[in-house]
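Chemist: I have a structure here, written as structure tokens, and I will follow up with some questions on it.
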């Protein structure tokens with residue numbers, strides 16, 4: 001049974017993950033009488049279910065694995081089980097529980113002297129903090145994980161930690177740092193790196209180019225990642241790549257294709273039961289409604305998505321949807337509602353340490369326009385200065401998106417002169 005489980009990761013690329021799930025489910029029917037093996041099997045099943053986008057079942061399998069690990073009296077299995085439960089919470093589960101279980105896993109690996117296990121626990125803990133909107137905490141955890149991996153000289157661990165640190169730096173607005181991390185990850189993977197890992201890195205690079213408004217660089221990378229993950233049957237990565245490609249199509253003004261991609265992504269999110277993905281998909285549908293001129297529908301979608309994201313503790317999604325609601329209020333001429341929503345979205349991003357991002361720039365720009373229209377000069381200038389700090393951190397004044405570059409230069413001039421434009 002242990003040999004079968006050891007071979008499972010090697011078999012995974014031979015066919016879609018649906019086939020992997022079928023094998024694992026078949027293995028579960030064979031009684032072993034060994035709690036440690038049962039725990040390993042349930043953890044493998046949880047991982048496969050998460051990859052296949054079946055979040056609720058993944059969480060249930062992880063919990064069964066933890067229960068079996070508690071019966072096994074094997075410290076190594078117990079550490080891996082805590083990590084499995086923590087990872088399962090990332091797919092729409094209880095993020096507080098995820099954070100607590102990641103700490104338990106780290107402590108157990110540390111007690112075993114398993115430094116590689118510690119890097120995995122730190123990696124998952126960082127992913128949980130990122131999902132909670134605590135980007136600075138995520139960076140700190142990944143810095144530590146990468147340091148340990150480098151000390152060990154373990155290339156796969158270095159690649160994993162560097163790639164995830166790159167994603168976090170991207171979210172913090174440090175695109176050059178993000179690309180440096182992706183380069184290190186690619187170098188460590190080398191020619192022997194799997195297609196799946198190469199595709200994951202391509203998607204990360206594409207997403208960074210996307211947030212910089214560089215559709216030309218983003219498009220082929222995202223399409224490459226989407227094709228590989230589709231072939232492997234990995235639904236959550238496919239969801240993320242569909243979302244990114246839809247944003248590219250939106251930037252290219254190909255709105256019909258954008259809408260079709262968002263519809264496909266929403267279908268996948270609902271099939272998975274992943275709360276974070278469903279919230280992201282709902283917000284994206286709102287952008288399509290907005291771009292189609294259906295502003296009241298878009299507003300209702302953004303408000304509903306923000307409320308649900310807040311309930312789930314998804315602070316990044318909450319700020320984004322609330323900011324979109326504020327911008328839509330502004331277009332509908334509801335200045336007071338727009339200002340309240342945009343101010344709250346900005347404060348949420350500030351608490352998350354996520355002001356140096358493209359999404360934050362758009363919200364700050366809208367806040368400036370709203371404050372200026374309301375005749376609140378001091379508040380408008382403050383928003384212009386903060387937006388300019390973000391745009392210069394991201395290099396938006398030289399963005400390939402002409403509209404973004406013009407907005408960045410306009411706000412930069414206002415921030416420098418302290419003079420608002422005339423009515």
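Values quoted throughout were computed directly from the atomic coordinates according to the rules given, and no laboratory measurement underlies them. Just so it is clear, the structure is predicted and the values come from calculations on it, not from any experiment. Neighbour counts run over all protein chains shown; Cβ positions are idealised from the backbone, glycine included.
Chemist: Please work out how much length the chain gains when fully extended from residue 257 to residue 32, using 0.36 nm per residue of separation minus the C-alpha to C-alpha distance, in nm with one decimal.
Modeler: Between residue 257 and residue 32, full extension yields an extra 75.9 nm.
Chemist: Let me ask something else about it. Relative to the longest principal axis of the chain, what angle (0 to 90°, nearest 10) does the C-alpha long axis of helix 155-171 take?
Modeler: For 155-171 against the chain, the angle is about 20 degrees.
Chemist: Further question: So how much slack lies between residue 332 and residue 140, counting 0.36 nm per residue of separation and subtracting their Cα-Cα distance, in nm?
Modeler: Taking 0.36 nm per residue and subtracting the Cα distance, the gain is 65.0 nm.
Chemist: Kindly state, to the nearest 0.05, the FRET efficiency for residue 217 paired with residue 267, given R0 = 30 Å and r defined as their beta-carbon distance.
Modeler: E between residue 217 and residue 267, to the nearest 0.05, is 0.60.
Chemist: Among 320, 295, 135, determine the one that fluctuates most according to a GNM of the chain built with springs between C-alpha atoms less than 10 Å apart.
Modeler: 295
Chemist: Running Debye on region 84-195 with equal point scatterers at the Cα sites and no solvent, what base-10 log of I(q)/I(0) appears at q = 0.15 Å⁻¹?
Modeler: With one equal scatterer per Cα and no solvent, log10 I(q)/I(0) is -0.62.
Chemist: Can you give the angle from 0 to 90° between the axis of helix 335-352 and the longest principal axis of the chain, with both taken from C-alpha atoms, to the nearest 10?
Modeler: Once rounded, one gets 40 degrees.
Chemist: Contour minus end-to-end for residue 107 and residue 416, with contour as 0.36 nm per residue of separation and end-to-end as the Cα-Cα distance?
Modeler: On the way: separation 309, 0.36 × 309 = 111.24 nm, distance 5.02 nm.
Roughly 106.2 nm would be gained on extension.
Chemist: For a test of the definition: using alpha carbon positions, the gyration tensor, and the 1.5 limit on a/c, classify region 95-148 as rounded, prolate or oblate.
Modeler: oblate
Chemist: While we're looking at this one, here's another question. Can you tell me the 0 to 90 degree angle between the C-alpha axis of helix 115-131 and the longest principal axis of the chain, rounded to 10?
Modeler: The angle comes out near 30 degrees.
Chemist: Here is a further query. Report relative contact order for the chain in percent, whole number only (criteria: Cα-Cα under 8 Å, sequence separation at least 6).
Modeler: So the answer I get is 12 percent.
Chemist: Classify region 35-147 from the C-alpha gyration tensor, please: rounded if a/c falls under 1.5, else prolate or oblate depending on whether a/b exceeds b/c.
Modeler: Here region 35-147 falls in the oblate category.
Chemist: Shifting gears a bit: Have a look at 280, 189, 172 and tell me which one the Gaussian network model of the chain (Cα, springs below 10 Å) gives the largest fluctuation.
Modeler: Judging by the Gaussian network model, the answer is 189.
Chemist: Gap in Å between the Cα centre of region 284-339 and the Cα centre of region 70-137?
Modeler: 34
Chemist: Identify which of 307, 88, 366 has the largest mean-square fluctuation in a Gaussian network model of the chain, with springs joining Cα atoms closer than 10 Å.
Modeler: Evaluated over the chain, the most mobile residue of the options is 307.
Chemist: Hey, another quick one. Using only the Cα atoms of region 275-390, build the gyration tensor, take square roots of its eigenvalues as a ≥ b ≥ c, and label the shape rounded, prolate or oblate: rounded if a/c is under 1.5, else prolate if a/b is larger than b/c, else oblate.
Modeler: On the way: a/c = 2.04, a/b = 1.29, b/c = 1.58.
Verdict is oblate for region 275-390.
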